[in-house]
Amino acid sequence: MDLRVGNGYDIHRLVAGRPLILGGQHLEHPDGLGLDGHSDADVLVHALMDALLGALSLGDIGKYFPPTDPQWKGADSLVLLEQVMALVRERGWSVVNVDTVVIAERPKLKPHINAMREAIASHMGIDPERVGVKATTNETLGAEGREEGISSHAIALLSKP
Ligand code: MG
């Protein structure tokens, strides 16, 4: 069996007048802030897509869904994730597991973690048992701690018989 591992990272700015979507879930920030970006700016799903692409050395999401392309304006990142999974599957690979972490000061993400896992798993076509989603604050340190943005890290393990 052949195995490949990939990692991904992303950060988006927190701004007024934008929705806050993480792991496909529409969340409420206490100050009404959301994530800025060309697509829906789902930083968690973006990091995950880069991990999947990275495992197969296929580049990054900017290559497949460039922010200069109006086609991806306001795009649902979970739909983009399905397209990344198609690239993985058409090469004969399947997902062993993925693990992610979101770094956000607010809002509290814990109540939404399982919904995020279910949404990601269903769009990837895998069991939620194989999808780890964790959340941490940055202890008020750095850009995430000052609520200038929310970032995410992801890792993906792929196998091929
Ligand atoms: Mg992004």
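The values are calculated or read from the model by the stated rules, or taken from the named source; none is laboratory data. Everything numeric in this text was worked out from a predicted model, so none of it was measured. All Cβ positions, even for glycine, are placed from backbone atoms using ideal geometry, and neighbour counts span all protein chains on display. Remember, those area values only see protein heavy atoms, side chains included, never the ligands or the DNA or RNA. Shrake-Rupley method; radii C 1.70, N 1.55, O 1.52, S 1.80 Å.
Is it the case that Gly17 is crowded, with 17+ Cβ neighbours inside 10 Å, touching a Gly at 6+ places or on another chain (Cβ under 8 Å) and either hydroxyl-bearing (Ser, Thr, Tyr) or at pLDDT 95 or above (or both)?
On the way: crowded, with 17+ Cβ neighbours inside 10 Å: no; touching a Gly at 6+ places or on another chain (Cβ under 8 Å): yes; either hydroxyl-bearing (Ser, Thr, Tyr) or at pLDDT 95 or above (or both): yes.
No; evaluated as a whole, the condition is false for this residue.
Given the options Met1, Met49, name the one that is away from the ligand (no atom under 14 Å from the Cβ) and either open to solvent by 50 Å² or more (accessible area, probe 1.4 Å) or not acidic (Asp, Glu) (or both).
Working: Met49 fails: away from the ligand (no atom under 14 Å from the Cβ).
Testing whether each residue is away from the ligand (no atom under 14 Å from the Cβ) and either open to solvent by 50 Å² or more (accessible area, probe 1.4 Å) or not acidic (Asp, Glu) (or both) leaves just Met1.
Quick grid of which residues meet (1) in contact with a helix residue (DSSP H, G or I) (Cβ under 8 Å, 6 or more places away or on another chain); (2) hydrophobic (A, V, I, L, M, F, W, C):
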residue	(1), (2)
Leu56	yes, yes
Gln71	no, no
Ala75	no, yes
Leu80	yes, yes
Asn97	yes, no
Val101	no, yes
Lys108	no, no
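Working only within the range 147-156, note down all residues that are under 14 Å from Ala47 (Cα atoms) and not polar (S, T, N, Q).
Ile150, His153, Ala154, Ile155, Ala156
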